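The values are calculated or read from the model by the stated rules, or taken from the named source; none is laboratory data. Note that the structure is a prediction, hence the values are computed from the model and not measured. Cβ: placed from backbone, ideal geometry, glycine included. Neighbour counts: every protein chain shown. Calculation scope for accessible area: heavy atoms of the full protein, side chains included, ligands and nucleic acids excluded. Shrake-Rupley method; radii C 1.70, N 1.55, O 1.52, S 1.80 Å.
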Amino acid sequence: TPPNITAITPGTDVTGLYVSDSDTSAAGGAAILSTDTTIGRLEFNSGTIAAYMGYCSPFYLQIGDSDKSYKPLTWDFTEVDNVWDADFDEIITAKTSGSSEFLACGSTAPYTLYLQTGTDNPAGSCVTTQLKVSKNGLKLAGTK
């Protein structure tokens, strides 16, 4: 099983949905929660979350700028260090804000994802959740 990132807030419509990319045909897009994952491999280096989604180079999960407490999440080819505290089988936390709360917004999947750093909410329906990286499902040669 390829590794993935899922929403883990029990009792919500987003529980068990996968973090994915809204536009896999271009150089990144909005981070979304979806019933399918576009991630083939994950790496965590220098505070980055690098996801391989069918390209030779990974997309990096980025926090967008906003004057609101909710920050848009996007996938981009540009690597920016010290953004995330993340690893396999752990809850994802933003390093600058210390927040591990995310907003999944929309009426049905796919939901648009935001990092929540305060109390503002986008217009419409949003669910607060946490995101957790799965255990590494890839087996290395020579391991059991």
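Below are the figures for this structure:
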{"read-out": "Selection of chymotrypsin sites (Phe, Trp or Tyr not before Pro), the range 1-84, meeting DSSP coil and at most 14 other Cβ within 10 Å", "value": "Tyr55, Phe77"}
{"read-out": "Probe 1.4 Å - accessible area at Leu33, Å² to nearest ten", "value": "0 Å²"}
{"read-out": "Highest-MSF residue in the chain out of Gly11, Gly29, Gly47 [GNM, Cα springs under 10 Å]", "value": "Gly11"}
{"read-out": "Computed FRET value (nearest 0.05) for Ser107 with Ser69, which takes r as the C-beta separation and R₀ as 22 Å", "value": "0.50"}
{"read-out": "Length gained when the stretch Tyr55-Asp36 is fully extended (0.36 nm per residue, less Cα-Cα span)", "value": "5.1 nm"}
{"read-out": "Pairs of lysines in the chain (C-alpha under 19 Å apart; 8 or more residues apart or interchain)", "value": "5"}
